[in-house]
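Take a look at the structure set out below.
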Amino acid sequence: MREKIIESCKKWGADLVGFAPIDRFCADSAVRKLMPEAKTVIGLGFRVLRGTYRGIEEGSTYYQYTTMGVENMEETVMPMVQVRLSMYLEEEGYLALPQRRHQQIMAESDSTNPEVAYDSVYRGCTQETQMNFSEAAVLCGLGEIGMNGAILTDEFGPFVRCCFVITDAELEPTPVKEKHLCDRCGKCIKACPGGAISENGELDPWQCAVYYNGANGTKNPFMPPDAFADFENRMDIIGGRARVDKDTAPEILQNIYFYPPAQHAYQCSICGRACDMSCYVHLEEKGALTKAFKLPFRRRSEWKFSEKDFE
Ligand code: SF4
Ligand code: SF4
C-alpha cells in the first residue's frame, strides 16, 4: 500500500512523498487533535516551477509566479492530489483528512499572510485547529527548515510547497533528514528588499507583506514615479528602509497595488520571494541540489532601479 501511494501521488503530480508515524508528533500536537485515531501523516511536496521565479529574476514577468507558483498550486494542483490520495485511503477502509494551508484563516490576531490581501485574512480564529506545516514537512522526511523558516529540499531547495493527509492507516515511516542544506550563510536575509528577516532569521509578517507586494521601488517595474505621494517617509518606503507594523503596514498596502491581483485574494508577488531565490542560487552554486538544470538560475548581476527615479 505504501508503494502504491508513492507511485500514485507521483503520477497525479506530487514530486515528494513522505510518511511520519504519529509518535513523531508531541502529545499536544494539532495533528492528534485533528484526528485522535491518526497513525500516520503523509507529506506531499510539489516543485514550484523554476521558470516562474526566473521571470522575476529577470524582471520580465511577475504574474506567472503568483498564479502558477502560488495560486494554482495551492488551489488546484495540490488539493487535487490530496483528494485523490484521500479517496484511495478511504476506499481501502481508512480515514483520511487532508490538510492544506489556511491561507486566509489564522489564529494570531495581529499577524498577516503576505501571499494574500491583508484585508482578506480572518484573524484570531483560535477555535480552528491548524497543524504546523513546517514541522510536519520535517517529520515526514521531506526536507529541513532553513534559517529564514523556509522548507529546503534536496531536490528543489526552497522552490517547493507542501501539504498533508492525516490517516489512521499505519504506513512505514520515511527517515527524518539530518540538517545538511542550510549553512546559515545569511544570504536569504540580505536578499529581502524590505529587511523583513531579522539577523537571527525571524520573519516579520507585516514587513514581509509590504515588500512582498512591491513597496521597494528599486525592484518594482510597475511603480509610478509619484508612488506614496502622501507619505512623509515615501523615500524610506521606496528604498526598503521603512519599518512597519500592524498599524502602519495596512496604510502602505492600500496604496501599493500597482499590479492586478490573482484570484482567491492572492496578491501579485513583486519581490518574487527574493529570500528563496537567493537561497536557491546559493544551494545551486554549492552543488547541494540533486535536481540539476542545463543552465544556472542566476546568469547575470542582479538589476535594480535608482531611487532617484522617484524623487
Ligand atoms: S540562504 Fe543560506 S542561511 Fe538562508 S536558508 Fe538558505 S542556506 Fe540557510
Ligand atoms: S524577500 Fe519577499 S518573501 Fe522574502 S522576506 Fe522579503 S518580502 Fe518576504
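The values are calculated or read from the model by the stated rules, or taken from the named source; none is laboratory data. Worth saying up front: this structure is predicted, and the values here are computed from it rather than measured. Cβ: placed from backbone, ideal geometry, glycine included. Neighbour counts: every protein chain shown.
Within the range 1-33, can you find the residues that are over 23 Å from the mean Cα position of the chain (by Cα), over 15 Å from Tyr88 (Cα atoms) and buried (at least 16 other Cβ atoms within 10 Å of the Cβ)?
Those that are over 23 Å from the mean Cα position of the chain (by Cα), over 15 Å from Tyr88 (Cα atoms) and buried (at least 16 other Cβ atoms within 10 Å of the Cβ): Pro21, Ile22, Arg24, Arg32.
Which members of the range 204-233 meet the condition of being within 16 Å of ligand 1 (Cβ to nearest atom) and surrounded by fewer than 16 Cβ atoms within 10 Å (Cβ to Cβ)?
Result: no residue meets the conditions.
When you look at Glu92, is it under 30 Å from Gln207 (Cβ atoms) and of a type in the set (D, E, K, R), yes or no?
In short, no.
Results for (1) at positive phi; (2) touching a strand residue (DSSP E or B) at 6+ places or on another chain (Cβ under 8 Å); (3) at pLDDT 95 or above, shown as yes or no for each residue.
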position	(1), (2), (3)
Ala14	no, yes, yes
Ala20	no, yes, yes
Ala27	no, no, no
Ile42	no, yes, yes
Leu49	no, no, yes
Glu71	no, yes, no
Leu89	no, yes, yes
Glu92	no, no, yes
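Test Ala191 against the criterion of being surrounded by fewer than 24 Cβ atoms within 10 Å (Cβ to Cβ), among the small types (Gly, Ala, Ser) and more than 11 Å from ligand 2 (Cβ to nearest atom), and give yes or no. Outline the logic, then answer.
Numbers: surrounded by fewer than 24 Cβ atoms within 10 Å (Cβ to Cβ): yes; among the small types (Gly, Ala, Ser): yes; more than 11 Å from ligand 2 (Cβ to nearest atom): no.
No: the conditions fail for Ala191.
Output the residues belonging to the range 1-27 that are closer than 23 Å to Ile151 by Cα and not in a helix (DSSP H, G or I).
Result: Gly13, Ala14, Asp15, Leu16, Val17, Gly18, Phe19, Ala20, Pro21, Phe25, Cys26.
For Gln267, indicate whether it is over 14 Å from Tyr211 (Cα atoms) and touching a residue at least 40 places away in the same chain (Cβ under 8 Å).
No: the conditions fail for Gln267.
Just need a number here: residues in the range 171-185 that are in contact with a Gly (Cβ under 9 Å, 6 or more places away or on another chain) and within 16 Å of ligand 2 (Cβ to nearest atom).
Applying the first criterion (in contact with a Gly (Cβ under 9 Å, 6 or more places away or on another chain)) to the range 171-185 yields 173-177, 181-182, 184.
From what's left, within 16 Å of ligand 2 (Cβ to nearest atom): 182.
Count: 1.
So which residues in the range 59-111 are part of a helix (DSSP H, G or I), out of contact with any helix residue (DSSP H, G or I) (no Cβ under 7 Å at 6 or more places or on another chain), in contact (Cβ under 8 Å) with a residue 24 or more places away in the chain and farther than 30 Å from Tyr257 by Cβ?
Selection gives Gln82, Ser86, Leu89.
Would it be correct to say that Cys182 is at pLDDT 95 or above and either hydroxyl-bearing (Ser, Thr, Tyr) or assigned to a loop (DSSP other than H, G, I, E, B) (or both)?
Yes; evaluated as a whole, the condition is true for this residue.
Report, by residue number, each residue of the range 112-124 that is closer than 30 Å to Arg50 by Cβ and assigned to a helix (DSSP H, G or I).
Once the filter is applied, which keeps residues that are closer than 30 Å to Arg50 by Cβ and assigned to a helix (DSSP H, G or I), the range 112-124 yields Tyr118, Ser120.
Within the range 234-247, does at least one residue satisfy the condition of being closer than 29 Å to Ala117 by Cβ, surrounded by 19 or more Cβ atoms within 10 Å (Cβ to Cβ), at pLDDT 95 or above and touching a Pro at 6+ places or on another chain (Cβ under 6 Å)?
Yes, because at least one residue in the range 234-247 is closer than 29 Å to Ala117 by Cβ, surrounded by 19 or more Cβ atoms within 10 Å (Cβ to Cβ), at pLDDT 95 or above and touching a Pro at 6+ places or on another chain (Cβ under 6 Å).
Would you mind stating whether Asp183 is within 16 Å of ligand 1 (Cβ to nearest atom), of a type outside the set (A, V, I, L, M, F, W, C) and either surrounded by 18 or more Cβ atoms within 10 Å (Cβ to Cβ) or more than 19 Å from the chain's Cα centre (by Cα) (or both)?
Yes.
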